[in-house]
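*Asks:* If you scroll down you'll find the structure; I have some questions about it.
The values are calculated or read from the model by the stated rules, or taken from the named source; none is laboratory data. These figures come from a predicted structure and were not determined experimentally. Cβ atoms come from the backbone with ideal geometry, glycine included; neighbour counts cover every protein chain shown. Accessible surface areas use protein heavy atoms only, side chains included; no ligands, DNA or RNA. Shrake-Rupley method; radii C 1.70, N 1.55, O 1.52, S 1.80 Å.
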Amino acid sequence: MDTGKLESPGPENLGAELHRLIAELFPICRSITGDGFRETLRRLGELVPLKVHEVPTGTRVFDWVVPREWNIRDAYVKDRTGRRVIDFGQSNLHVVNYSAPIRATLTRAELQEHLFTLPEHPEWIPYRTSYYNESWGFCLTHNQLLQMKDERYEVVIDSTLEDGHLTYGEVFLEGTSNEEVLITCHACHPSLCNDNLSGVAIAAYLARALRWTRHRFSYRILFIPGTIGSITWLALNEDKVPRIRHGLVLALLGDAGPFTYKRTRRGNAEIDRVAGYVLGGLPGENRVRDFTPYGYDERQFCSPGFNLPVGSLMRTPNGEYPEYHTSADDLDFVKPGQLAKSYAVCMSIVDVLENNRKYVNVNPKCEPQLGKRGLYRSSGGDAMPRESEMALLWVLNQSDGTTDLLDIAERSRLPFDAVRLAADALRESGLLETCEKH
Ligand code: ZN
């Protein structure tokens, strides 16, 4: 079945829509478990057909255990006048994410051990977590800290760490084949935009677009808490793993940096070739990097027991820009135009994946006569054939069942679209047959 070229059905102002979704999700205090994650999925579920999964605390997932559920209502540090000098209500970054509850009056020195600032950026609040060792803390601007001169402070974190669930969201869009493309993003960070709401918004809009488009592959799009989410999904869905033909982890797609594609552990998977090809055709200093066992959920998908063809698409990678994991990763840091461009790159990758196939020339002994089939102009003698005619010749010559259309585009230096259109025309003329069943 011919899928044709995927259209990007988004409106002209798609960038603005992506930014609006990020702005809507921004205030929610998310974590790896809890109601903030659920509320995020509830809002995404208004856009796409999202199934919410709840995995009980204590469930064994390979070497890990699904942790307790964290929820928070309020948190503050009050000075002797009763004024909140640190207030969760002002920014959810003020509380170390996953902090255990506390109610105490502490000396400044006792409190100091639980305070985190960024002296090199004295106006920014850092983002810190304490997922897997129970503790508590506050993050604040360094300037705030310099003003805290009282001897004693009232400290309250009104949170709960209780048995509950790990929640994740899954969109499954069936294609004509049961082979799957896995697209994932982590959705466990509180009020931070590039990391992780840019990936969340783009994954949601990809799902929305693919929902209304005919596609060859089935698409499974996961909104998961980082690390424990992908480990949990893999542990509970090992039966689905063999169907994953390609995968992409989306993160950090709203900043102004060039694109970065991180290869799969295999290094030569089709997704690596496709992403490299798409990025190579874009202006700017875009980068393709080799796999490293650090970063996002590709670490789990590419662990040796799975070794899945899952790469990662970002703009500026984690830890390589100063605003990373700080309050400066805000709604101004991610721009609509940048988000729209990232979305378009994702759609281009999907489009090439969908249309990249291997064919067999059914008339391989000398060139078939194209003119009598209306595929080639009748008057000869031009110095060079047209691009479309060159594409026909390249596809016929290379299609021996071992070469896919992307190989042909790269070898011929013709655009992938020209090669794909040539293959379509040759197939319709009966000169080419697909090697695959779907
Ligand atoms: Zn992060």
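*Asks:* Scanning the stretch 169-209 for residues that are open to solvent by 10 Å² or more (accessible area, probe 1.4 Å) and assigned to a strand (DSSP E or B), which turns out nearest to the ligand (Cβ to nearest atom)?
*Replies:* Glu170
*Asks:* Shifting gears a bit: Only one of these conditions is not met by Leu145: (1) within 16 Å of the ligand (Cβ to nearest atom); (2) farther than 20 Å from Arg30 by Cβ; (3) aliphatic (A, V, I, L, M); (4) assigned to a helix (DSSP H, G or I). Which number is it?
*Replies:* Unmet for Leu145, out of (1) within 16 Å of the ligand (Cβ to nearest atom); (2) farther than 20 Å from Arg30 by Cβ; (3) aliphatic (A, V, I, L, M); (4) assigned to a helix (DSSP H, G or I): (1).
*Asks:* What number of residues within the stretch 305-319 satisfy the criterion of being touching a residue at least 12 places away in the same chain (Cβ under 8 Å), of a type outside the set (A, V, I, L, M) and either over 23 Å from Gly229 (Cβ atoms) or part of a loop (DSSP other than H, G, I, E, B) (or both)?
*Replies:* 7
*Asks:* With the condition kept exactly as written, say whether any residue in the stretch 74-94 is in a loop (DSSP other than H, G, I, E, B) and among the hydrophobic types (A, V, I, L, M, F, W, C).
*Replies:* Within the stretch 74-94, one or more residues are in a loop (DSSP other than H, G, I, E, B) and among the hydrophobic types (A, V, I, L, M, F, W, C).
*Asks:* Tell me, yes or no, whether the stretch 91-100 has at least one residue that is over 28 Å from the mean Cα position of the chain (by Cα), exposed (fewer than 14 other Cβ atoms within 10 Å of the Cβ) and outside the structural domain of Phe26 (by TED's automatic domain parsing).
*Replies:* The answer is no, given that none of the residues of the stretch 91-100 is over 28 Å from the mean Cα position of the chain (by Cα), exposed (fewer than 14 other Cβ atoms within 10 Å of the Cβ) and outside the structural domain of Phe26 (by TED's automatic domain parsing).
*Asks:* If you check Ala269 against the conditions, is it touching a residue at least 40 places away in the same chain (Cβ under 8 Å), within 24 Å of Arg357 (Cβ to Cβ), surrounded by fewer than 24 Cβ atoms within 10 Å (Cβ to Cβ) and in contact with a strand residue (DSSP E or B) (Cβ under 9 Å, 6 or more places away or on another chain)?
*Replies:* yes
*Asks:* May I pose another question? Being open to solvent by 50 Å² or more (accessible area, probe 1.4 Å), of a type in the set (A, V, I, L, M, F, W, C) and over 17 Å from the mean Cα position of the chain (by Cα): is that true of Val352 here?
*Replies:* Here the answer is no, as Val352 does not meet what is asked.
*Asks:* A further question on this structure: Could you list all residues from the stretch 332-382 that are over 30 Å from Glu179 (Cβ atoms), touching a residue at least 60 places away in the same chain (Cβ under 8 Å) and either among the polar types (S, T, N, Q) or part of a helix (DSSP H, G or I) (or both)?
*Replies:* Pro336, Gly337, Gln338, listed by residue number.
*Asks:* Test Glu134 against the stated conditions and say whether it is open to solvent by 40 Å² or more (accessible area, probe 1.4 Å), modelled with pLDDT under 95 and not in a strand (DSSP E or B).
*Replies:* yes
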